[in-house]
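The next block holds one structure in the form of C-alpha cells; read it before the comments.
The values are calculated or read from the model by the stated rules, or taken from the named source; none is laboratory data. Every value quoted in this text rests on a predicted model; they were computed, and no experiment measured them. Note that we place each Cβ from the backbone using ideal geometry, even for glycine, and neighbour counts take in every protein chain shown. Ligands, DNA and RNA are excluded from the accessible area calculation, which covers all protein heavy atoms including side chains. Shrake-Rupley method; radii C 1.70, N 1.55, O 1.52, S 1.80 Å.
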Amino acid sequence: QVQLVESGGGLVQAGGSLRLSCTVSGRKFSINAMGWSRQAPGKQRELVAVINSGGRSNYSDAVKGRFTISSDNAKNTVYLQMYNLKPEDTGVYYCWLTSAPYDYWGQGTQVTVSS
C-alpha cells in the first residue's frame, strides 16, 4: 500500500507565497517521477510540475519562473514552492508519483489565492 499525504495549502493574497509538501509512505519501490497537478473548479486537472529520479524538473508555462519543485529523498517528500501567486492559481493541488507501470495520487490540498 502506498500513501501520499499533501499539506501546506491555504488562503493567500495575490503576490504571496505558499509551500506544499507531499510525504510518501508505504511499501518500498522505485520511483520514476513525482509531481504536482492541480484542478480548478469547472476545469480539467492539469500538470503543474514534475521532477524525475535524476532530479530534472519541468514546469507548465503557467507557473514557470514562479514555482519550484524539489525533493528530499531521505524524507520521502516532494515540495512545491510557489511564489507570486495569482488568483488563477486557485485550485486543488494533487501530489502524484509514478512507479512504472503504476501512478499513485494524494487526496489533494486546497490553494485559494484572493485578489
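Listing for the model above:
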{"read-out": "Residue list for segment 26-52, filter: farther than 17 Å from T90 by Cβ and in contact with a strand residue (DSSP E or B) (Cβ under 7 Å, 6 or more places away or on another chain)", "value": "G26, R27, F29, S30, I31, N32, A33, M34, G35, V50, I51, N52"}
{"read-out": "Per-region count, segment 18-43, residues more than 15 Å from W96 (Cβ to Cβ) and open to solvent by 60 Å² or more (accessible area, probe 1.4 Å)", "value": "7"}
{"read-out": "Boolean, G35 is within 15 Å of Y104 (Cα to Cα) and either touching a residue at least 12 places away in the same chain (Cβ under 8 Å) or assigned to a loop (DSSP other than H, G, I, E, B) (or both)", "value": "yes"}
{"read-out": "Within segment 38-49, tally of residues that are of a type in the set (G, A, S) and in a loop (DSSP other than H, G, I, E, B)", "value": "2"}
{"read-out": "Restricting segment 1-55 to residues that are under 15 Å from the mean Cα position of the chain (by Cα) and among the charged types (D, E, K, R), the residue that is farthest from K86 (Cα to Cα)", "value": "E6"}
{"read-out": "Residues of segment 25-58 satisfying the condition of being basic (K, R) and farther than 30 Å from T112 by Cα", "value": "R27, K28"}
{"read-out": "Test result for S70, within 23 Å of S17 (Cβ to Cβ), within 10 Å of the chain's Cα centre (by Cα) and at pLDDT 95 or above", "value": "yes"}
{"read-out": "Qualifying residue in segment 11-30 (condition: β-branched (V, I, T) and closer than 21 Å to R66 by Cα)", "value": "yes"}
